[in-house]
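Asks: The structure is given below, and queries will be raised subsequently.
Please treat every number below as a calculation from the coordinates, not as lab data. Everything numeric here is computed off the predicted structure, so don't read it as measured data. With ideal geometry, Cβ positions are generated from the backbone for all residues, glycine too; neighbour counts draw on all protein chains shown.
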Amino acid sequence: MDRKTPLYDIHLKYGGKIVSFGGYLLPVQYGSGVIAEHMAVRTKCGLFDVSHMGEILCEGPEALTEVNRLLTNDFTDLTIGAARYSPMCNERGGTVDDLLVYRTGETRYLLVVNASNREKDFAWMQAHREKADFTDISDTVAQLALQGPLAEKILLRLADQNDIPEKYYTFKAGRNVGGVKCLVSRTGYTGEDGFELYCAAGEAARLWELLLDAGRGDGLIPCGLGARDTLRLEAAMPLYGHELSEEISPREAGLGIFVKMKKPSDFIGKAALEIAGAPARRRAGLKVTGRGIVREHMPVFAGEAQVGVTTSGTHCPYLGYPAAMAILNKDAYAVGKTVEVEVRGRRVEAEIVPLPFYKRA
């Protein structure tokens, strides 16, 4: 049975269209619609419920060693108050999940995992733990995302300047946002500036209303899963189950920068990645130049040869054209090259372009 986030009743109050996603009942959109929500985030600000994400604590004197062994990135120099992105690999070099790691203390890390992988990830960590302790605290935590160029202006109406992190991928814990105790993180999944606010589950509804009231005059609106997906695709951010999976390695997904083969400690999947060598396929951006919308799991052709498959695709509201990401054979990748995607039995032309499609100034 699907879970409800602490904001389920709030979504109904604001007219959210509820769907099942990642084991949770969440709004795919509100009355304004996906395009209006997308454009609000690009030009003003949007508010998302991301309480479906999982939160796992890693604690103990060996917590750093454990995190470095489980994840491909290097956390040796991660300071308290900083966050870092990382894939987590299986022994074959495929991807168990991708997650954010917050260092909240000398021997304490907060791992934020994808909703659909919460139980799988926690079981994986427990099965591979050596000395640190892992605790799933997801049910006690709510997470709201305030995203867009006006996010800081709006947040300043509820928090002091010194409670707001200045740099991307940093955070401040135990801060007061309108009377609600929050971990305030300058992170997001939209390609815009913004914040992810973690609070006690019981405070989520109050925080939601406070933020909406503070930003209403600046055009802040609630946003659903639909806009979250179109925004992340424009920004070429991978989604687990699409650009990443147990069968797609981080290197194939274009995330080699987050795979530290030379870090001091070994990590799960390193040996398999070393044996595999340079990836034979890679993630690519496709700008659709023909007529049609490209979705995931559609074959990509160069002439009569299939050279890959799409992983995500949609119309990009801000950019004004359809786009897709794909995993292509490496020898088929060339920026500017024309390929064809098979959409319901017919070929649609697309051009290989650099990623991301959109990058804020």
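Asks: What's the ranking of 274-280, 221-227 by average number of surrounding C-beta atoms within 10 Å, highest first?
Replies: 221-227, 274-280
Asks: Which aspartates and glutamates have a Cα less than 17 Å from the Cα of Lys270, not counting those fewer than 8 places away in the same chain?
Replies: Within reach: Glu66, Asp74, Glu91, Asp97, Asp98, Glu246, Glu247, Glu252.
Asks: Continuing with the same structure: For region 157-239, just list the percent of Cα-Cα distances falling in each 5 Å bin from zero outward, please.
Replies: The calculated distribution, bin by bin, is 3, 14, 21, 24, 22, 13, 4, 0.
Asks: If you bin the C-alpha pair distances of region 280-353 every 5 Å from 0, what whole percents do you get?
Replies: Pairs per bin, as whole percents: 4, 20, 34, 27, 12, 4, 1.
Asks: Mind jotting down a quarter of the surface of the convex hull over the alpha carbons of the chain, in square nanometres, one decimal?
Replies: Mean projected area of the Cα convex hull: 18.0 nm².
Asks: Given a cut-off of 32 Å, name the pairs among Lys181/Lys263; Lys13/Lys181; Lys4/Lys153; Lys153/Lys337; Lys120/Lys260 whose C-alpha atoms lie farther apart than that in the structure shown.
Replies: Among Lys181/Lys263; Lys13/Lys181; Lys4/Lys153; Lys153/Lys337; Lys120/Lys260, the Cα-Cα distance tops 32 Å for Lys181/Lys263; Lys153/Lys337.
Asks: GluC sites (Glu not before Pro) within region 143-207: which are DSSP loop residues with at most 14 other Cβ atoms inside 10 Å?
Replies: Filter output for region 143-207: Glu166.
Asks: Could I ask something else about it? Let me make sure I get this right: for region 206-361, a, b and c are the square roots of the gyration tensor eigenvalues over alpha carbons, sorted descending. Under 1.5 in a/c it's rounded, otherwise prolate if a/b > b/c, else oblate. Which is it?
Replies: oblate
Asks: Ok, one more. P(r) for region 224-281: what percent of alpha-carbon pairs falls in each 5 Å bin, starting at zero?
Replies: Values per bin, smallest distances first: 4, 15, 24, 21, 15, 9, 7, 4, 0.
Asks: Report the Cα centroid-to-centroid distance between region 71-116 and region 189-249 in angstrom, as an integer.
Replies: Going from one Cα centre to the other spans 19 Å.
Asks: Sticking with this structure for a sec: Arrange the following residues from fewest to most other Cβ atoms within 10 Å of their Cβ: Val343, Val41, Val335, Val101.
Replies: Ranking Val343, Val41, Val335, Val101 by Cβ neighbours within 10 Å, fewest first, gives Val335, Val343, Val101, Val41.
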